[in-house]
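Values in this text are rule-based calculations from the coordinates and carry no lab data. In this text the structure is predicted, and so the values were computed from the model without any measurement. Virtual Cβ from ideal backbone geometry, glycine too; neighbours counted across all protein chains shown.
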Amino acid sequence: MQNHPQKEFMMKAIEEAKNSASLGQYTIGAIIVDSNGEILAVEHTSTHSSNDATAHAEISAIRSVCKKLNNRYLFGCWLYTTLEPCPMCISAAIWAKIDGVVFGATKEDAIDFAKGIESSKFKWRQIDISAKDIVAKGDPHINLVEGFMRDECKPLFSFEKNTE
């Protein structure tokens with residue numbers, strides 16, 4: 001049984017976020033680990049290449065593990081993501097009955113980053129509902145660790161290739 005949060009898991013998500021940027025995607029990475037600490041999925045956002053607005057790193061990771069385990073429930077698993085999950089992604093984690101979610105940068109960090117960019121190509125869309133608020137109202141209850149390694153995750157925004 002693993003204790004969470006763990007630096008090694010967030011570092012893997014950060015590595016995948018950088019990979020995402022190199023592919024011209026938003027710089028967001030996510031991983032899912034099981035109760036033994038085995039990494040079951042490493043994913044990044046692929047909304048641009050897939051032309052799928054739901055192809056967020058967290059959703060892709062959840063889909064991958066559900067398929068791998070042949071189960072829609074991810075009991076004992078933890079999701080690590082470099083950015084606070086949007087309402088869609090945190091809701092998917094709740095519906096998948098994941099044990100917990102650990103995130104680095106906050107949605108406010110993303111909003112602050114986007115304010116400094118003048119580009120018709122780059123628009124960071126947000127729904128102003130925090131992951132914490134959704135988790136508080138969700139059933140089943142999942143654990144939420146906010147701002148873990150935030151200082152390491154915030155600089156990832158500077159890797160964005162879709163700002164030009």
Lys97 versus Asn71: modelled label distance in nm, points set 7 Å from Cα along the beta carbon direction: 0.8 nm
In whole angstrom, the spacing between the Cα centers of the stretch 74-106 and the stretch 12-30 equals 17 Å
Test of understanding: given the chain, find the longest segment containing no chymotrypsin sites (Phe, Trp or Tyr not before Pro) that are in a DSSP loop and have at most 15 other Cβ atoms within 10 Å. 1-72
The chain - mean residue ellipticity at 222 nm from DSSP helices (-39,500 (n - 2.57) per run, n ≥ 4, rounded to 500): -10500 deg cm²/dmol
Can you tell me what the convex hull of the Cα atoms of the stretch 6-91 projects to on average, as an area in nm²? 5.3 nm²
Taking only the alpha-carbon positions of the stretch 7-161 as identical scatterers, the Debye log10 I(q)/I(0) at q = 0.09, 0.12, 0.15, 0.17 Å⁻¹ comes out as -0.25, -0.44, -0.71, -0.92
With Cα atoms, 0 to 90° folded angle of helix 57-69 axis to the chain main axis: 30 degrees
The answer for trypsin sites (Lys or Arg not before Pro) in the stretch 23-75 that fall in a DSSP coil and have at most 13 neighbouring Cβ atoms within 10 Å is Arg72
Cross-chain or 8 or more residues apart, Cα under 15 Å: how many lysine pairs in the chain fit that? Count them up, please. 12
